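The values are calculated or read from the model by the stated rules, or taken from the named source; none is laboratory data. Bear in mind that the values here come from a model prediction, so they are computed numbers and not experimental data. Neighbour counts are summed over all protein chains in view; Cβ atoms, including those assigned to glycine, are modelled from backbone coordinates with ideal geometry.
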Amino acid sequence: MGSTAGTPELAAALAHRDDDGLVALLATRPDLATPAPSSLTSLAARAGSRPSVDRALAALDGLELAIAEAVVALAPLGRSTAADLTTAVGADAAPALARLAELALVVDGAPVAALAEALGPHPAGLGPTLAELDAPADAAPTSAEELREVLAEAPGSAIGTLEALTWGPPVGTVTAGTLPEGAGWLLEHGLLHRVSPTQLVLPREVGLAARDSRTHRETPHPPHPAYRTVAATVVDAEGARNAEEVVRLVTLLLETWRTEGGRVLRSGGVGVRELRRVATALDVSEERAAFVVELTAMTGLLSRDGEEQESWIPARTAEDWLADPLPLQWAQLCLAWLDSARVPWLVGTREEGSLRSVLEPTLERGWAVELRRRTLGALAALPEGSAPDGEQVHALLTWERPRGGTAAATGGAILSELEALGLTGAGALTAAGRALLETRQESAVAEALEQALPEAVGELLVQGDLTAVVPGRPEPELAELLEHTADVESRGSGLTVRFTASSVRRALDAGMDAAQVLERLAGYSRTPLPQALEYLLRDAARRHGQVRIGAAASFLRVPGEAVGAELVGDPSLSSLGLRALAPTVLVSDAAPGDVLRVLRDAGHAPVAEGANGVVARPRAGSRAVPAYPGAAVGVYARRPDREDLTRAVARMRTGEAQVRRDVADRSVDGPVATDPVHALELLRASSRAGEEVEIVVVGSLGTPERRRVRPLSVEGGRVRVADLDRETELTVAIHRISAVRTASTAPAEGG
């Protein structure tokens, strides 16, 4: 094995793993399982491909990534044991090295080729080896002692130049034909090597000697800043208050959209004007309203009514949710949020000039689910009561996934959602938040919140200035009554409300009368209700309903009272539900088109009238425009479970056995690599080695054709080959190559 492990070495290592080990690999690196590889060799080729390696690197934490860099840097020098890596990084490398091996990124201490490629030409800031520079091994000092001896007589400029190159980048630029004194001295004594007329490079061995065998100047470790600390009682109290509030807001949204739903735009979302209406009804900011709307939809409490002018309205499941106790309602909201790919914080931002709207189908990001769980996990790993700010949480997430690319603004948005849901209180994770992360069971999460909720209060202190105070958390029935009859002035350990003419009118609009409201309030009040409240309610009741509004889809104007009476009394027109508003004006709940059709079928001769009173004439060739069907929602493929992965492993072992039989029996007429990733890897390897291969090319008519070729280059989705039988060159699109076989292909051992 060279300094890197190729597909044959990785395939042999995978063949020695048991089924549980292979299943664990597929579960940890899910891109390897879809579509399922046909053999272990195909699995090795896919695991060693650059795109898959990049995905695996994105899941490494800071120490594991540093160990990966050290493995790549030291492997060409034969120093990639756990002891060497521990010295190089300054931390115990054994656990991280074992994880890299489990992830199939390292085989017997050697990195897969794509890992070295992904980490760049200067891993850990070190230059090429002496062998890569075509220099003999003794051409430069390769230990700290030898380097000190050489530098004993070096001028100060040479030492300064060496120090500048030691921790990278290892390449220095000089003027062509002229060398500074320090660079010239280092070049003369073999400490630098020229790679071009203007570039000098510090060999890897010299760099490690200057670093005292370290690949990283500082030992990688997770951030440990001084976090603000909050008392557990405060955390749970704040979390419980926020949990109550978010349930109240969702309930209020369902009530608001029950009477008049949110009109659906052609994009599938809800417009800015409707969002503002919701924000006003909920008495929150537009950003908070967008989160509440999205959260309600995440939980499945909203649906589209299917009308021609579609609207978002409460779903059938909303009735069951409203009937549940508060802790259970909250648990359902949190579980739905944790598993959702929706990103509400993007509402109001622009994409290619278009404003993103709430409930828009495009507001889904596959990484949102993992980021929410990672953020919860980062908070849970801190001591209880720790309340990190946005920058500190971003530092923790960056340590966990240095190549993951989590934006600070995105992490801050997740923290805001945690606070709004009540999973954090005063910035620290609540007990209910820990239960959500650890159990993800509805009953356990609900129980954790119930323990944090203060005892419900069923008492009301009504004062003469038309204010009232609930000394604690109101019971559900009392909270509902106050929601309909009073305006909230403050929330906290207690609830303060004020009765106004507009607030009591809400109760009358909901179907209650003044006597009923007074009776229910008196049942909760410790003292008799003040006369001012009775006067307010009775005066509002006296004015209520003086103007009445009804709904009608069509109106009919008739020449006289007799014609109107004839139409109302006609049994054949009963389906229209005609009723008289005046002797010459009738209304119907049916659409104008339906009224025209039914009247004409009954022998009448009506005409349609426009809004300006002019008879409407149909345009020639006009036709009805169908209702917009609505935007499609995102569809995500189901992730394979353990049973699926176990079956895939069994198929790969069977396929690997067939590969070994084909290779052992050369009389079998069949190529080795049919997996696209494996075939591409073989073409690249053959191109580098200058070896011939046999390829199967599918023509434009679907006819396969075999050719014996030598790959010359593989890039840009095409492979340029020399056809050895026809003595010509041709370029083939990679997707047209269905199979590749090389003379050097050997079966993986073991398994």
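Data for the structure
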| quantity | calculated |
| --- | --- |
| Which numbered condition GLY405 fails, given (1) surrounded by fewer than 21 Cβ atoms within 10 Å (Cβ to Cβ); (2) in contact with a strand residue (DSSP E or B) (Cβ under 9 Å, 6 or more places away or on another chain); (3) at pLDDT below 90; (4) among the small types (Gly, Ala, Ser) | (2) |
| All positions within the range 448-473 that are at pLDDT 85 or above and outside any loop (DSSP other than H, G, I, E, B) | ALA448, LEU449, GLU450, GLN451, ALA452, LEU460, LEU461, VAL462, THR467, ALA468, VAL469, VAL470 |
| Matching residues, the range 104-130, being in a loop (DSSP other than H, G, I, E, B), touching a residue at least 40 places away in the same chain (Cβ under 8 Å) and closer than 16 Å to LEU77 by Cβ | ASP108, LEU119, HIS122, LEU126, GLY127, PRO128, THR129, LEU130 |
| Index of the failed condition, HIS735 passing every other in (1) within 30 Å of ARG660 (Cβ to Cβ); (2) surrounded by 11 or more Cβ atoms within 10 Å (Cβ to Cβ) | (2) |
| Matching residues, the range 204-238, being charged (D, E, K, R) and either over 25 Å from GLU146 (Cα atoms) or in contact with a Leu (Cβ under 9 Å, 6 or more places away or on another chain) (or both) | ARG204, GLU205, ARG211, ARG214, ARG228, ASP236, GLU238 |
| GLY90 vs. criteria surrounded by 16 or more Cβ atoms within 10 Å (Cβ to Cβ), in contact with a Gly (Cβ under 8 Å, 6 or more places away or on another chain) and either among the small types (Gly, Ala, Ser) or modelled with pLDDT under 90 (or both) | no |
| Scan of the range 408-428 for residues that are in contact with a Pro (Cβ under 9 Å, 6 or more places away or on another chain), in contact (Cβ under 8 Å) with a residue 60 or more places away in the chain and either within 15 Å of ASN242 (Cα to Cα) or of a type outside the set (Gly, Ala, Ser) (or both), ordered by number | GLU417, GLY427, ALA428 |
| Test: residue in the range 655-672 that is of a type outside the set (S, T, N, Q), buried (at least 18 other Cβ atoms within 10 Å of the Cβ) and at pLDDT 80 or above | yes |
| Enumeration of residues in the range 224-269 that are in a helix (DSSP H, G or I), over 21 Å from GLU450 (Cα atoms) and in contact with a Pro (Cβ under 8 Å, 6 or more places away or on another chain) | LEU254, TRP257, ARG258 |
| Filter result for ALA36 (farther than 19 Å from GLU218 by Cβ and either part of a helix (DSSP H, G or I) or in contact (Cβ under 8 Å) with a residue 60 or more places away in the chain (or both)) | yes |
| Per-region count, the range 589-613, residues under 51 Å from the mean Cα position of the chain (by Cα), closer than 15 Å to ARG557 by Cα and without any contact (Cβ under 8 Å) to a residue 24 or more places away in the chain | 2 |
| Total residues in the range 157-175, condition crowded, with 16+ Cβ neighbours inside 10 Å and part of a helix (DSSP H, G or I) | 5 |
| Checking SER502 against (1) closer than 16 Å to ARG538 by Cα; (2) surrounded by 16 or more Cβ atoms within 10 Å (Cβ to Cβ), the condition it does not meet | (2) |
| Some residue of the range 203-217 being of a type in the set (A, V, I, L, M), touching a Lys or Arg at 6+ places or on another chain (Cβ under 9 Å) and either surrounded by fewer than 17 Cβ atoms within 10 Å (Cβ to Cβ) or farther than 29 Å from ALA83 by Cβ (or both) | no |
| Residue within the range 551-560 that is free of Cβ contacts under 8 Å to residues at least 12 places away in the same chain and exposed (fewer than 12 other Cβ atoms within 10 Å of the Cβ) present | no |
| Matching option when the condition is under 31 Å from the mean Cα position of the chain (by Cα) and within 22 Å of ALA93 (Cα to Cα), among ALA59, ALA13 | ALA59 |
| Unmet requirement for SER303, which otherwise passes all of (1) buried (at least 18 other Cβ atoms within 10 Å of the Cβ); (2) more than 30 Å from ALA96 (Cα to Cα); (3) of a type outside the set (Lys, Arg); (4) modelled with pLDDT under 95 | (1) |
| Flag if SER503 is polar (S, T, N, Q), at negative phi and free of Cβ contacts under 8 Å to residues at least 40 places away in the same chain | yes |
| Test: residue in the range 714-721 that is over 16 Å from ALA45 (Cβ atoms), under 36 Å from the mean Cα position of the chain (by Cα) and modelled with pLDDT under 80 | yes |
| Selected residue (only one of THR424, THR467 is hydroxyl-bearing (Ser, Thr, Tyr), surrounded by fewer than 19 Cβ atoms within 10 Å (Cβ to Cβ) and under 23 Å from LEU495 (Cβ atoms)) | THR467 |
| Selection within the range 13-39 - farther than 28 Å from GLY377 by Cβ, at pLDDT 90 or above and of a type in the set (A, V, I, L, M, F, W, C) | ALA13, LEU14, ALA15 |
| Residue identified as more than 30 Å from VAL71 (Cα to Cα), surrounded by fewer than 22 Cβ atoms within 10 Å (Cβ to Cβ) and not assigned by TED's automatic domain parsing to the domain that holds LEU359 among ALA226, ALA237, ALA281 | ALA226 |
| Qualifying positions in the range 429-441 - in a helix (DSSP H, G or I) and crowded, with 16+ Cβ neighbours inside 10 Å | ALA431, ALA432, GLY433, ARG434, ALA435, LEU436, LEU437 |
| Selection status of SER416, surrounded by fewer than 21 Cβ atoms within 10 Å (Cβ to Cβ), assigned by TED's automatic domain parsing to the domain that holds GLU294 and either within 17 Å of the chain's Cα centre (by Cα) or part of a loop (DSSP other than H, G, I, E, B) (or both) | yes |
| The range 333-362, subset under 21 Å from LEU253 (Cβ atoms) and among the polar types (S, T, N, Q), residue farthest from the chain's Cα centre (by Cα) | SER357 |
| Total residues in the range 344-382, condition closer than 26 Å to SER443 by Cα, free of Cβ contacts under 8 Å to residues at least 40 places away in the same chain and assigned to a loop (DSSP other than H, G, I, E, B) | 1 |
